[in-house]
Structures are given as structure tokens and as C-alpha cells.
Amino acid sequence: YLTFTRGRWEVRRPLSENGQALFLGAWADDRLVGHVGIIDCGPVARYQNVVTRAEFRRRGIAAHLVGECSAWATERGRARQLIMADEGSVAARMYAGLGFVSDGEVVGAQRV
């Protein structure tokens with residue numbers, strides 16, 4: 001997992017450094033308790049990995065981070081912002097509360 005995570009950040013770092021992406025974290029003391037990213041994909045800004053540690057959920061951390069990313073994307077002229085969540089999930093309800101609306105269904109497959 002560490003190799004995967006490091007590789008993912010090696011890809012994301014240049015996007016952040018050249019202003020094409022924004023990655024934010026929320027900290028409690030020296031612990032990362034939440035994080036989110038957003039990438040400017042031209043006409044659309046795409047959210048990445050909205051995560052909050054279980055013991056810090058329901059405190060508005062993810063909502064705040066998503067809001068900051070949304071402001072960043074809006075400032076860049078990206079009125080269309082894409083965030084994915086399972087229908088009916090806690091995350092989907094939070095996103096709806098932030099003004100996101102469903103724009104369709106995505107189906108995926110994975111080989112185990």
C-alpha cells in the first residue's frame with residue numbers, strides 16, 4: 001500500500017505544483033484526519049479521494065474541505081464539478097447538502 005500511495009502522490013505532485021490541482025488536508029495535532037483533492041480537467045473539475053478518519057466524522061471536516069475545493073474550482077471558471085458517491089450513502093447525502101445533484105449513474109467492474 002505504501003508503494004501505491006507514494007506512486008499516486010508522485011503523479012499528483014506535478015499537477016499541484018503547476019496549479020492544475022489542489023489537495024487539502026485537515027489536521028488534529030500531528031494527525032491527518034481528513035483530506036480531499038480536486039483536479040482541473042478543462043471544462044470540469046474532478047474531486048479526488050474525499051476522506052475523513054472514522055473518529056472525526058460528522059464534524060463538518062469533509063464538507064469544509066469540499067467547500068474550499070469548490071471555491072478554488074469556481075474561481076478558475078469551473079462551474080461543472082464532478083464528485084462520485086454511491087447512491088443513498090452518507091457521502092451522497094453530504095454532497096447533496098452542499099448543492100451537488102445527481103447527473104447519472106456510473107457502473108464499474110473489477111477483477112478480483
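The values are calculated or read from the model by the stated rules, or taken from the named source; none is laboratory data. Predicted model only: the values in this text are computed from it and were never measured. Here Cβ is always computed from backbone atoms with ideal geometry, including for glycine, and neighbour counts include all displayed protein chains. Ligands, DNA and RNA are stripped out before the accessible areas are found, and what is left, the full protein with its side chains, is counted by its heavy atoms. Shrake-Rupley method; radii C 1.70, N 1.55, O 1.52, S 1.80 Å.
Sites listed here are GluC sites (Glu not before Pro) in segment 43-95 whose DSSP assignment is loop and whose Cβ has at most 13 other Cβ atoms within 10 Å: E87.
A straight line joining the Cα centroids of segment 8-45 and segment 82-110 runs 20 Å. For the chain, the share of accessible area belonging to carbon and sulfur comes to 52 percent (1.4 Å probe, ligands and nucleic acids excluded). Heavy-atom accessible surface of the chain, averaged per residue, reaches 72 Å², computed with a 1.4 Å probe. Relative to the current alpha-carbon distance between E17 and E75, full extension at 0.36 nm per residue lengthens the span by 19.1 nm. In vacuum, with every alpha carbon of the chain counted as one equal point scatterer, what does the Debye formula give for log10 I(q)/I(0) at q = 0.16 Å⁻¹? Two decimals, please. For the chain at q = 0.16 Å⁻¹, log10 I(q)/I(0) is -0.84.
By the equivalent-ellipsoid construction on the alpha carbon gyration tensor, segment 70-112 comes out with semi-axes of 23, 14, 9 Å, ordered largest to smallest.
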